[in-house]
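What follows is one structure encoded as structure tokens, with my remarks underneath.
The values are calculated or read from the model by the stated rules, or taken from the named source; none is laboratory data. Just so you know, these numbers come straight off a predicted model, no measurement behind them. Cβ coordinates were reconstructed from backbone atoms using ideal geometry, including for glycine residues, and neighbour counts include every protein chain displayed. Heads up: the accessible areas ignore ligands, DNA and RNA and are worked out on the full protein's heavy atoms, side chains in. Shrake-Rupley method; radii C 1.70, N 1.55, O 1.52, S 1.80 Å.
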Amino acid sequence: MKKSYLAVLLLVVVLCTLRQLPWNLERYDQAKQAFVSYQMIGGGDWWYQQTPDGDTATKPPLAGWISAALYPLTGGHWFAAWIVPSFASALVLLWLLDRGACRLGRESEHHVWTLRTVALAAFGLNLMTPHLATLVRTDMPLALLLFIPGYLIWRKQQERQLWTGGERVVFALAVLASMMTKGPLIGIFVVPGMAACWWLQRRQGEHFHGWAGWWPWLLPLAGFLAWTGAGILWHPGFYAEVVVKEFAGRVTGVHHSQPAYYYLWQLLIRILPWSVLLAVMALARRGRELARQRPEVLWLACWTLGALFVMSLIPSKRTDRIFPVVPPACLWLVSLLAHWKSERFFRWPMRRLLVGCVITAAFFSSIYAGAKVHEARHEDHGGLVRFAKRARVYADQRGWALAVAGSRDEGLPMYAGVEQFLSRRKIIGLWRDGAISGVVIAQDRLGKYCKDLPGSRVLFKSPQSVESGKSYVFVGRGG
């Protein structure tokens, strides 16, 4: 099984690396997240940032800090600085699940390499993980930061021991980091499971070992509230855009309203065949007995189902938001396998069933990733990147200052190497003053600019944008 494990590991890394080719900021609101670190380096705005069109950035700044720190380490390659946090988070999640499988293997009748292979395949060979592993978004880092506290609780439940000071510090740092990545979502993904597990164990007369104490919760919350309060007091638009629209809007259904079963259905389809295997094992008699007999299995069940239940009650739904449920679900599956104590799963030999699941997952995840890469290549998803870089090089060779007119494609300023979008009035004023000599403009707005940009001519045109469906032109001074 060691060779199978290494083969699965290689396949997971390859899929996660190649899934988003060609790398760009179009779609999935990646440009907004990328612009945070871009603005930190360019403008020195380290605590509160804006979007490319000047609105208030709605995410806390931790992910931007990480990319900004990586920028000089990657030799000034922004795409590498933007992608590494998600990719590294995916690798750390793989490592933690692997360590969890090794711990379970010490007390299991199944070979440890079998459990490690299943943990790796369940997390990596599905339709969600490769997709999020190199997106310029906070989904994968958030999943890691929410998994670390839950993983520590799982270990305490398994060991039935008191928390050490070091474990409490790690717990508190992970809680704070999760809040400074995407807000207080730990209250949705971890706290409901803790409350349910504590209540169920109390009914059975058992002690819940997952409580780290008050200060690992209160100190991170105080730090996050301090950042939020400062934003409300000193940054216009912060309360409306961040507190009301971003944080509260996820609960009130402002963004994407979907039915209650939406997340359950999405997980069932996107994590096949592991979702079906977990559901059958958890509902089987042996799975229910394990949840009653073993506190760590009960915690994994409460953690996974508690988060899924609360997220399903929230009207605002989007598929990527449920991803933090996937790592604990994978650990739950491996825990059930480790304590199954049977060579057969109903009528089927367990080993053959697991091999079949790995092969099925590898086949479908590879086909899906390959189809998406082919689609991106066919639709030329990297066209705007090439166009903007060509405009930048053309302007640099002639010593021109460059500007980008406002548009829906928010990655354009970063592709072209300018600070942010400029308004039509600002562009016209700078052009007439001779401060700029090259402008990127949406083709359908070119007629509104031509008469106000004396001496201008169209130099070249972009492919059609995948995000907005628009084409752009690079306008420069004639002569």
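The table below lists the values:
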item: Number of the condition not met by PRO413 [criteria: (1) touching a Pro at 6+ places or on another chain (Cβ under 8 Å); (2) within 30 Å of LEU15 (Cβ to Cβ); (3) part of a helix (DSSP H, G or I)]; result: (2)
item: Check on ARG392, surrounded by fewer than 17 Cβ atoms within 10 Å (Cβ to Cβ) and over 29 Å from the mean Cα position of the chain (by Cα); result: no
item: Some residue of the range 410-424 being open to solvent by less than 40 Å² (accessible area, probe 1.4 Å) and β-branched (Val, Ile, Thr); result: yes
item: Residue that is at pLDDT 90 or above, open to solvent by 10 Å² or more (accessible area, probe 1.4 Å) and within 20 Å of the chain's Cα centre (by Cα), where the choices are ALA329, ALA307; result: ALA329
item: Test set (1) touching a Leu at 6+ places or on another chain (Cβ under 9 Å); (2) without any contact (Cβ under 8 Å) to a residue 60 or more places away in the chain; (3) among the aromatic types (Phe, Trp, Tyr) - PHE147 fails condition number; result: (2)
item: The range 181-225, residues that are of a type in the set (S, T, N, Q) and assigned to a helix (DSSP H, G or I); result: THR181, GLN201
item: Any hit, the range 22-32, residues being outside any loop (DSSP other than H, G, I, E, B), of a type in the set (A, V, I, L, M, F, W, C), farther than 26 Å from TRP154 by Cα and open to solvent by less than 50 Å² (accessible area, probe 1.4 Å); result: yes
item: Unmet requirement for TYR239, which otherwise passes all of (1) open to solvent by 60 Å² or more (accessible area, probe 1.4 Å); (2) at pLDDT 90 or above; (3) within 30 Å of TRP46 (Cβ to Cβ); result: (2)
item: Set GLU26, GLU107: member being touching a residue at least 60 places away in the same chain (Cβ under 8 Å) and closer than 30 Å to HIS339 by Cα; result: GLU107
item: Residues that are open to solvent by 60 Å² or more (accessible area, probe 1.4 Å) and either part of a helix (DSSP H, G or I) or free of Cβ contacts under 8 Å to residues at least 40 places away in the same chain (or both), drawn from the range 281-297; result: LEU283, ARG285, ARG288, ARG292, GLN293
item: Single match in LEU353, LEU300, LEU336 (criterion: open to solvent by 10 Å² or more (accessible area, probe 1.4 Å) and either of a type outside the set (S, T, N, Q) or without any contact (Cβ under 8 Å) to a residue 12 or more places away in the chain (or both)); result: LEU353
item: Scan of the range 160-194 for residues that are more than 22 Å from the chain's Cα centre (by Cα) and closer than 16 Å to PRO328 by Cα, ordered by number; result: MET194
item: Residue within the range 360-368 that is part of a helix (DSSP H, G or I), in contact (Cβ under 8 Å) with a residue 60 or more places away in the chain, β-branched (Val, Ile, Thr) and crowded, with 21+ Cβ neighbours inside 10 Å present; result: no
item: Candidates VAL36, VAL12 - the one that is under 21 Å from the mean Cα position of the chain (by Cα) and within 17 Å of PRO413 (Cα to Cα); result: VAL36
item: Scan of the range 191-217 for residues that are hydrophobic (A, V, I, L, M, F, W, C) and touching a Phe, Trp or Tyr at 6+ places or on another chain (Cβ under 7 Å), ordered by number; result: CYS197, TRP198, PHE208, ALA212
item: Scope the range 451-473; condition over 18 Å from GLY429 (Cα atoms) and part of a strand (DSSP E or B); matching residues; result: VAL458, LEU459, PHE460, LYS461, TYR472, VAL473
item: Enumerated helices (runs of 4 or more DSSP H) restricted to the range 72-137, each holding at least 2 residues that are polar (S, T, N, Q); result: 78-105, 112-124
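Each row is one residue, and each column tells you yes or no for (1) open to solvent by less than 10 Å² (accessible area, probe 1.4 Å); (2) basic (Lys, Arg); (3) at pLDDT 90 or above.
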position	(1), (2), (3)
THR129	yes, no, yes
VAL136	yes, no, no
MET140	yes, no, yes
LYS156	yes, yes, yes
TRP163	no, no, yes
